[in-house]
1. In this structure, does G92 turn out to be part of a loop (DSSP other than H, G, I, E, B), open to solvent by less than 80 Å² (accessible area, probe 1.4 Å) and not hydrophobic (A, V, I, L, M, F, W, C)?
2. So which residues in segment 35-61 are assigned to a helix (DSSP H, G or I) and closer than 20 Å to W113 by Cβ, if there are any at all?
3. Taking the options A116, A64, name whichever one is modelled with pLDDT under 90, in a helix (DSSP H, G or I) and either buried (at least 16 other Cβ atoms within 10 Å of the Cβ) or not acidic (D, E) (or both).
4. Would you point out which residue out of I32, I87, I97 is in a loop (DSSP other than H, G, I, E, B) and surrounded by 11 or more Cβ atoms within 10 Å (Cβ to Cβ)?
5. When you look at E106, is it within 21 Å of R12 (Cβ to Cβ), of a type in the set (D, E), part of a helix (DSSP H, G or I) and open to solvent by 60 Å² or more (accessible area, probe 1.4 Å), yes or no?
6. Being over 23 Å from I30 (Cα atoms) and out of contact with any His (no Cβ under 6 Å at 6 or more places or on another chain) is true for just one of V73, V99. Which residue is that?
7. For segment 51-85, give me each residue that is under 20 Å from D20 (Cα atoms), touching a residue at least 60 places away in the same chain (Cβ under 8 Å) and out of contact with any helix residue (DSSP H, G or I) (no Cβ under 8 Å at 6 or more places or on another chain).
Amino acid sequence: MASLGVRVLVVRLPPSVHGDGDHGFVPALIDIARQKRYSAHVGDGMNRWPAVHRLDAARLYRQALEKGTAGAVYHGVADQGIPFRDIAAVIGRRLNIPVVSKSPEEAADHFGWLAAFVAH
């Protein structure tokens, strides 16, 4: 049987891929903060939010396809992520609104469908 020349590799991306004009997690957090008139994080806010810019993710895919090794795993983020309280602080500063801590029990009410992502 002839080889089909198929090469399998894996590209892993963090939950948040962002860039100008996107409609993902961060814009949703900004909208929630605007509506509630405060920005929030859960607990001490030290849970980390890994992310990658969409242009960096595109470069990773291209490099993996052009130069990747069969069987390799390529990761779209090289660090542990940003503490969520830092994200909440930037949103608060940019919107000129306070930043508050929510308990895990209050997270669902504040963040809605995003609660599962921001609380871990």
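1. no
2. Q35, K36, listed by residue number.
3. One residue alone meets the criteria, A116.
4. Result of the check over I32, I87, I97: I97.
5. No; evaluated as a whole, the condition is false for this residue.
6. Going through V73, V99 in turn, just one is over 23 Å from I30 (Cα atoms) and out of contact with any His (no Cβ under 6 Å at 6 or more places or on another chain): V73.
7. Of everything in segment 51-85, those that are under 20 Å from D20 (Cα atoms), touching a residue at least 60 places away in the same chain (Cβ under 8 Å) and out of contact with any helix residue (DSSP H, G or I) (no Cβ under 8 Å at 6 or more places or on another chain) turn out to be V77, G81.
The values are calculated or read from the model by the stated rules, or taken from the named source; none is laboratory data. Note that the structure is a prediction, hence the values are computed from the model and not measured. Cβ atoms come from the backbone with ideal geometry, glycine included; neighbour counts cover every protein chain shown. Remember, those area values only see protein heavy atoms, side chains included, never the ligands or the DNA or RNA. Shrake-Rupley method; radii C 1.70, N 1.55, O 1.52, S 1.80 Å.
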